[in-house]
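The values are calculated or read from the model by the stated rules, or taken from the named source; none is laboratory data. Here the structure is a predicted model, which is why all the values come from computation and not from measurement. Cβ atoms come from the backbone with ideal geometry, glycine included; neighbour counts cover every protein chain shown. Protein only, heavy atoms only, side chains kept; ligands, DNA and RNA dropped before computing areas. Shrake-Rupley method; radii C 1.70, N 1.55, O 1.52, S 1.80 Å.
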Amino acid sequence: MKDLRIAVIGAGNMGQALLEGLVESGQVRPSRICASDRRKDRLTDLKKRLRICTESRNTAAVKKADIVVLAVKPQILDKVLIELKPALPTDCLLISIVAGFPTGLIEHLAGGKRRVVRAMPNIAAMVRMAATAICQGKQARKADMKLARRIFETCGTVTEVDESLMDAVTGLSGTGPMYIFIIIEALSDAGVRVGLGREQATQLAIQTILGAGEMVRSTGRHPIYLKDMVTSPGGTAINALYSLEKTGLRADLMDAVETATRRSAELGKPYAENKNS
Ligand SMILES: NC(=O)c1ccc[n+]([C@@H]2O[C@H](COP(=O)([O-])OP(=O)(O)OC[C@H]3O[C@@H](n4cnc5c(N)ncnc54)[C@H](OP(=O)(O)O)[C@@H]3O)[C@@H](O)[C@H]2O)c1
């Protein structure tokens, strides 16, 4: 992978996180990575910090690229692809992290028989702790999936799914850090409400989330088993659980994931309808 040329189109939150992961991992030479964005200040900062190449024109960034990572917002992906189409090297691999755009639609917007891998990371890529799912477009090969896996492993864990599940992944883990941010904030508020200082309450909430996640991950135990471990008869945990069940926290989370899944499916629809009309 070291000598592959990688272009990242859109150097916002996710684009930058990926660029940092790639450079820090040492898997690709910085001189082989090129980022483009409409924000010149972002490009200047990236060039200085990561010693990668930058271009303010997307078409210049993809010239000679082996892999083009699409990291712009869904609302402008069609315009970006129409602009890129004539400049894309014939055999480059397109990797899209754009929510809601199926591989078939990306192939179509990029001019037909293109190798496309779709990925859904999350914002924790910024701290190399993302949960990413990848799926294979019709023209993509197994080797493309391996490459995509290596790229996203520089920012966290990677799992492969069928494309039909990508919107569900977007609803669960793509959007997921937001659920946890809100839970941390709510727990911190709750701590303050019962008398703790803000800083201590927030630190305790953060470490509790990290510790609970690590327990589920490292023990391999079902969360219900771990829940039973901490709910002693008549104790604090079982009383807190009763309160949560009354207000329906589980159903609220299920609703939120379903709503985000539906929204992901909607994002590419207007462009898919144009394609078919
Ligand atoms: N954020 C997440 O949690 C997350 C998680 C998984 C997947 N994603 C996907 O990742 C993609 C990027 O999200 P993000 O949060 O990184 O967004 P973002 O921070 O807004 O980054 C997009 C970048 O693209 C730039 N841009 C706008 N128009 C452009 C153009 N024509 N050519 C090149 N660059 C252009 C933007 O500049 P301006 O700021 O000036 O517009 C911005 O710097 C989205 O499609 C999203 O669905 C996001």
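Would you mind classifying segment 91-230 by shape? Square roots of the alpha carbon gyration tensor eigenvalues, ordered a ≥ b ≥ c; an a/c under 1.5 is rounded, otherwise it is prolate if a/b is larger than b/c and oblate if not. In terms of gyration-tensor shape, prolate.
Taking 4.7 Å between C-beta atoms as the pairing limit, the chain has these partnerless cysteines: CYS92, CYS135, CYS155. Using a probe of 1.4 Å, the accessible surface attributed to MET178 totals some 90 Å² when neighbouring protein chains are kept in position. When ASP41, ASP144 are compared by accessible area at a 1.4 angstrom probe, the order from most to least is ASP41, ASP144.
Between 0 and 90 degrees, the angle of helix 142-153 with respect to the longest Cα principal axis of the chain falls at about 50 degrees.
Rg and Dmax over the alpha-carbon atoms of segment 6-166 stand at 14.1, 40 Å. Each part reduced to its alpha carbon centroid, segment 43-95 and segment 211-274 end up 37 Å apart. For the chain, take the longest principal axis of its alpha carbons; what is the angle in degrees between that and the long axis of helix 40-50, to the nearest 10 within 0 to 90? The angle comes out near 80 degrees. Here the accessible area of the chain is 56 percent carbon and sulfur, with a 1.4 angstrom probe and all protein chains present. The C-alpha atoms of the chain occupy a region whose extents along the principal axes are 68, 45, 31 Å, arranged from largest to smallest.
Taking the Cβ-Cβ separation of GLN207 and LYS142 as r and a Förster radius of 45 Å, what is the calculated FRET efficiency to the nearest 0.05? Write down the numbers at each step before the final one.
Numbers: r = 41 Å, r/R0 = 0.91.
Efficiency for this residue pair is about 0.65.
Helical runs assigned H by DSSP (4 residues or longer) give the chain a calculated mean residue ellipticity at 222 nm of -16500 deg cm²/dmol, each run adding -39500 (n - 2.57) before division by the residue total.
Evaluate segment 176-264: find the radius of gyration of its Cα atoms, find its Kirkwood radius, and give the ratio Rg to Rh. Dividing the radius of gyration by the Kirkwood radius yields 0.99.
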